Amino acid sequence: MRKKLVVGNWKMNGGQARNVALIDGLKGAIPEGVDVVVCPPYPYLAQVKALAGELGVGLGAQDLSEHSAGAFTGDVAAPMLRDVGCEWVLVGHSERRTLHGEGDQLVAAKISAALDAGLAPILCVGETLEERDGGRAEEVVSSQLASVVSQLGAVAMAGLVVAYEPVWAIGTGRTATPEQAELMHVCIRESLAGAGVAAGVVRILYGGSVTAANAAALFAKPNIDGALVGGASLVAENFSSICVAAAAS
Ligand code: PGA
């Protein structure tokens, strides 16, 4: 049995006062029986750690450097994230891949840095609309996974969470149907198993316009183990409703 996991990706949103209001809104609203994590921007990690600790909500970062320290202006290392209380980190989000040119090799190096520091990486994969329309969605996602597996090895992969986020569904209001998502999650699990990973224990999250209205139908699918939530994680009521749907599934 894989415990459901709901991760809020705040992206480049927030501010000290707004963070207090958001976390306040989650008080008493996060159910038992589901793992919940929020990923604020770097400057607010320590603030949110202090605020969210008592809620039992975990802390994640949105990215990290592949290096552990040194002359890398503007970058943040995995040991620093651990130092301020992070347990999780997103790696290879499509916005990093497209806006910052991050490729599979760098993504694998970042995962390795995260694992070395004791952080739990959430590896994001997903196809563009053009790739889906061209019938290449599964091929693209399998190749993103294969490249990371080949660099990290099957044993390390079992310690990962994978987030399937079709690029065309992120921030667009256009969600993959539960059937489309489930098919891809099965494909991801099979790709991992085929590479020798203990795929049955790997949690595979769906991300892309998850809302309080569509979460329950997604979570009802046997291979959808939770959600990576962007926009809806910025409104306490919406985020907590998604967590409640996960706990109830
Ligand atoms: P969204 O973002 O929920 O706003 O579509 C998801 C993500 O990018 O992680």
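Some values worked out for this structure:
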item	result
Filter result (crowded, with 18+ Cβ neighbours inside 10 Å and assigned to a loop (DSSP other than H, G, I, E, B)) within region 55-75	57, 62, 63, 64, 65, 66
Filter pass, residue 38 being assigned to a helix (DSSP H, G or I) and either out of contact with any helix residue (DSSP H, G or I) (no Cβ under 9 Å at 6 or more places or on another chain) or buried (at least 20 other Cβ atoms within 10 Å of the Cβ) (or both)	no
Hits in region 90-104 - residues which are under 24 Å from residue 59 (Cα atoms) and either buried (at least 18 other Cβ atoms within 10 Å of the Cβ) or within 11 Å of the ligand (Cβ to nearest atom) (or both)	90, 91, 92, 93, 94, 95, 96, 97, 102
Which numbered condition residue 190 misses (of (1) more than 15 Å from the ligand (Cβ to nearest atom); (2) closer than 21 Å to residue 114 by Cα; (3) outside any loop (DSSP other than H, G, I, E, B))	(2)
Subset tally (residues that are touching a residue at least 60 places away in the same chain (Cβ under 8 Å) and either more than 10 Å from the ligand (Cβ to nearest atom) or in contact with a helix residue (DSSP H, G or I) (Cβ under 6 Å, 6 or more places away or on another chain) (or both)) for region 203-226	5
Single residue of region 113-127 satisfying the filter (outside any helix (DSSP H, G or I) and within 19 Å of residue 70 (Cβ to Cβ)) that is farthest from the ligand (Cβ to nearest atom)	117
Every pair of residues 6+ apart whose Cβ atoms lie under 8 Å, when the first sits in region 127-153 and is of a type in the set (Ser, Thr, Tyr) while the second is surrounded by fewer than 15 Cβ atoms within 10 Å (Cβ to Cβ)	147/105
Filter result for residue 176 (at pLDDT 95 or above, touching a strand residue (DSSP E or B) at 6+ places or on another chain (Cβ under 8 Å) and not in a helix (DSSP H, G or I))	no
Filter result for the condition that a residue is out of contact with any Asp or Glu (no Cβ under 8 Å at 6 or more places or on another chain) and free of Cβ contacts under 8 Å to residues at least 12 places away in the same chain, over 83, 63, 104	83
Residue within region 220-240 that is part of a helix (DSSP H, G or I), modelled with pLDDT under 95 and surrounded by fewer than 21 Cβ atoms within 10 Å (Cβ to Cβ) present	no
Selected residue [more than 16 Å from the ligand (Cβ to nearest atom) and of a type in the set (A, V, I, L, M)] from 71, 61	71
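The values are calculated or read from the model by the stated rules, or taken from the named source; none is laboratory data. Being a predicted model, the structure only gives us computed values, none of them experimental. With ideal geometry, Cβ positions are generated from the backbone for all residues, glycine too; neighbour counts draw on all protein chains shown.
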